[in-house]
Amino acid sequence: METNRRIFLKSSALAMVGIGSSPSWLSRTLYANDARSPRKKILVAIFQRGAMDGLNVVIPHGEAAYYDLRPNLAIPRPDGTPDSAIDLDGFFGLHPSLQALKPIYDAGHLAIVHAAGSPDPTRSHFDAQDYMESGTPGAKSTSDGWLNRALKQETRRSGVRAVAIGDEMPRALRGPNDAIALASVDSFQVRNAAGAAAFEKMYEGTHDKVLNGTGRETFEAVKLMQSIQKRPYSPANGARYPEGKLGQEMMQIARLIKADIGLEIAFTDVRGWDHHVNEVGAKPAVGQLANLLAQFGQALAAFHTDLGDRMANVTVVTMSEFGRTAKENGARGTDHGHANVMFAFGGGIKGGKVYGEWPGLEREQLYEERDLDVTTDFRDVLSELVVRHLGNPRIVDVFPGYDQPKFRGLVSA
Amino acid sequence: MWKFAALFCMAASLPAGNIKTPGADYSQFEKKLSKDQSILHALNRLTFGPRPGDIAAVKKMGLEKWIDLQLHPERIAQRPQLDVRPSPAGNSAQVQPAQYAQDKIYRAVYSNRQLEEVLVDFWYNHFNVDMTKGADRRLVPAYERDAIRPNALGKFRDLLGATAHSPAMLFYLDNWQSVAPEQTGRANAKRPTRGLNENYARELMELHTLGVDGGYTQHDIIEVARCFTGWTIDRPNQDSGGTFRFDARTHDKAEKIVLGVTIPAGGGMDDGETVLDILARHPSTAKFISKKLAERFVADDPPPALIARMAQTFQATGGDIRAVLATMFGSREFFSQGAYRAKVKTPLELVVSAARATGARVESEAGLVNQTGVLGEALYRKIEPTGYSSANAEWVSSTALLARMNFAIQLAGNHVQGVLMDSSRFSNDPAAAAKQILFADASAQTLHSIQKKPAPPKADLIGLILGSPDFQRK
């Protein structure tokens, strides 16, 4: 009976809506405030493409070898000046350009996992990104992505439960479960109002079974988006998203979350981390990496501020395909390495701590005598979020062949 | 109609339709098409979509003769523009995938040898290489030109061999770095350890030949990988390098056993050739390739009896691709209600068929290349070695459908960069205009949606027809 009621509500909502009216209160009724279904948990994944230099992002300032290996690149030990690392725990420090994230760490909502990465030895961006998005290091033929598989099998679903920001569907979100890619909330529509009505009629009336089913879902999603598009968006709590792609995309995700249309998973990426040359400028705390990090930190912090209390149900996780050489190269840059650093923040995260066993930077401690070694498999971090945050216990489906992940205790019970 | 089944079928002796998957209903593949439907169907499947005038031309020539001609592209006069067109990858210099893909779009729209272009797309996708992977940005143009295209209608063993030797594939699936196990293992951690790399061996059997259920084991993968050690690339990352090289020093010279066949110790490059011979001759390969072709050209779930006849042709002719295709195009299953409009166009097919159906003038292809990516089929940028699926489900998602509708509106409104469409050549009557584009009557639901008063502006009408469910099918 319950199902029937929902179907009735859903179809009457759509019947009433038509193109042009706003069903916002109805869609909220349908997707959020159902008494039997508390607000959904949401996972936001950010991929830093190009292999971020994790050692200059969360700096092991307590490790002498770090300063020996990087005479031109090392961020100075924390001394309170703007060019030095921001101390976290007496051993690690944040890059000074990540100042915006420090309050979240201090509030206990930002967890850092250092020396995390993929066990696969590849130093190819292509292969490593592929493996991290498919969730199956070493297996090239996996056809879908871990984020898509992380969606729980449910009968009652929103047409926008999984969203990638961008024109094309990323590898991580491809697969059998419904997912949409959109460049922005405003672009998800038929770009011709009269055309939209005619197309809707065609696809809802067609006897073509394949196109009919998806056609209906499409117009359902379009209408949900229209309800959002009609409400101009302004970030809450004085949040200020930085200029640039990531800031704008995080704002799109915040907008989708606040619309209560059933979003469970969002994905976006940020490029440009492959700093072989001139990673730093005139001094280590400035330059290309510093600029990118400033944007990154501000975008994440603005998202955190904007969502306010809603962060209770939201976790953001970041990843990059591999790290960079422990030793700087001759061009004020670094080359392809192994382990990296991951961030996870949200209301349910036990933050204020740097997780993971530190493998050390002495020569014999390095992976192949050159790179930070991996002590936390990236799937340990992601599995914990899938199981304990999203509440999907089917880890064997999400990370095939990796069914005994070691949870680090990032998610509060 | 079915007289030419006999004409084409080299293995038509098998009584068809007896072999059925239990429970599956293939009765629709027994129902014939009308003559007009047959012509439209053949044009939809053997080309990137009919152009104005194509139906009449095929009718005039005769369908059987037209199919035979498409199977022999060398007998078809090519448009002179196609030969003089400067390739975006004229030399070995790096080229961006989006730039290189323009050439593919141009050929798909304008080549007279349409089946050849369809097959180049099919085989490239079967032996997929992602152009964004490192040196493949430089190696892919030669791969398609020298390994895929010349063998698209030839012997499968030649095609397989050309891909196995190609630096593009050796790089993409890492075989160039694969060395005999005894070459590594020295306790010298300063050098990144390189050893046996199984990637190519695995995909060679799973994706290129036998198929995942083709009867090989993990042990076979290792043995095949050992056979291919030493198949490498001369300086892959330099403009002056990038050619195939056999490095005897890194080749595993010990004995191997592949699918039960012993390859004696002391071999060299021939070990790999022997593997290719074994795989190309294997019955699983005949079946796997036949099935994949039938999935592309007939239907997502083609009748097993048809696949069996195609596989029989494959084996009887030593893997002659042209003969296998002739068996398929000569079958009653191909010209059946089960196959008619059974496939959803891939993004490439949608984009190109729209330009062809409307007689649009493509002055530059960048806009169309971009559209294929937005629709989900980024050309030359498929990361996985599986290539793109030709199954309907792959292409029907909310994002994709919306993008298809928007593409249709943009194209009809002349808002796709480099493409010019003259709306005035279409009838003012919606039903007649739909027939001009679909080359058949539109469905009742589509007609109902476009026959409105007042009539929509012509460009909007064309956009609606191109974005209709009818036009998504082929």
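Computed from the coordinates by the stated procedures, all read-outs in this text should not be read as laboratory data. Please read these numbers as outputs of a predicted model, since none were measured by experiment. Cβ: placed from backbone, ideal geometry, glycine included. Neighbour counts: every protein chain shown.
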- region A:244-304: Kirkwood hydrodynamic radius (Cα pairs, Å) comes out at 13.1 Å
- Note on the structure: Taking N as the residue count of region A:276-408, its alpha carbon Rg divided by 2.2 N^0.38 Å gives 1.22
- May I ask you to order A:310-316, B:399-405, B:416-422, A:108-114 by the average number of other C-beta atoms within 10 Å around their residues, highest value first? B:399-405, A:108-114, A:310-316, B:416-422
- Note on the structure: Answer in debye to the nearest 20: the dipole magnitude of chain B about its Cα centre, from +1 Lys/Arg and -1 Asp/Glu charges placed on Cβ, is 1060 debye
- Task: Jot down the radius of gyration and Dmax of region B:213-355, Cα atoms only, both in angstrom.
- Result: 20.1, 58
- Item | Neighbour-count ranking [beta-carbon atoms within 10 angstrom, fewest first] of A:T122, A:T81, A:T268 | A:T81, A:T122, A:T268
- Here the whole-number average of other chain Cβ atoms within 10 Å per Cβ of A:141-150 is 2
- Item | Chain lengthening between A:V286 and A:Q99 when straightened (0.36 nm per residue, less Cα-Cα) | 66.0 nm
- Would you mind computing, in nm to one decimal, how far apart the modelled labels at A:S124 and A:A107 are, each placed 7 Å from Cα along Cα→Cβ? 4.3 nm
- Item | Two-decimal ratio, region A:40-398, of alpha-carbon radius of gyration to 2.2 N^0.38 Å | 1.03
- Query: About its Cα centre, what dipole magnitude does region B:173-281 give when the only charges are +1 on Lys and Arg Cβ and -1 on Asp and Glu Cβ, stated in debye to the nearest 20?
  - Reply: 560 debye
- Message: Counting only helical runs of four or more DSSP H residues, what would the 222 nm mean residue ellipticity of the protein assembly as shown come to if each run contributes -39,500 (n - 2.57) and the total is spread over all its residues?
- Response: -11500 deg cm²/dmol
- For region B:173-281, the Cα gyration tensor yields equivalent-ellipsoid semi-axes (√(5λ), largest first, whole Å) of 23, 16, 14
- Query: What per residue convex hull volume, in Å³, do the alpha-carbon atoms of region B:347-472 yield?
  - Reply: 103 Å³
- For chain B, alpha-carbon Rg and Dmax in angstrom: 23.7, 82
- Take the eigenvalues of the Cα gyration tensor for region A:78-188, scale each by 5, and report the square roots as semi-axes in whole Å, largest first. 34, 21, 14
- the protein assembly as shown: spread of alpha-carbon positions along the three principal axes, whole Å, largest first, is 87, 78, 54
- Query: Counting DSSP beta bridges with both partners in the protein assembly as shown, what percentage is antiparallel, nearest 5?
  - Reply: 55 percent
- Query: Over the Cα atoms of region A:218-353, what Rg and Dmax result, in angstrom?
  - Reply: 17.8, 55
- Query: Which cross-chain or sequence-distant (5 or more) residues have an amide H under 5 Å from the amide H of A:Y367, H modelled 1.01 Å from N in plane?
  - Reply: A:L372, A:D373
- Most exposed first, judged by fewest Cβ atoms within 10 angstrom, A:L292, B:L33 run B:L33, A:L292
- Message: Taking the number of other C-beta atoms within 10 Å as the exposure measure, put A:S134, A:S118, B:S427 in order starting with the fewest.
- Response: B:S427, A:S118, A:S134
- Item | Cα→Cβ-extended label distance, 7 Å offset, between A:Q404 and A:R77, nm | 4.1 nm
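For peptide A:208-220, how many partner chain Cβ atoms fall within 10 Å of a residue's Cβ, on average?
On the way: counts 11, 0, 9, 10, 2, 1, 8, 7, 1, 4, 10, 3, 1.
Taking all residues of A:208-220 together, the mean is 5.
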- Report, to two decimal places, the Cα Rg of region A:316-359 normalised by 2.2 N^0.38 Å (N = number of residues). 1.48
- Task: Note down the nm distance, to one decimal, between modelled labels 7 Å out along Cα→Cβ at B:N237 and at B:R425.
- Result: 5.0 nm
- How do the peptides B:127-135, A:358-366, A:400-408 rank, highest first, by the average count of neighbouring beta carbon atoms within 10 Å per residue? B:127-135, A:358-366, A:400-408
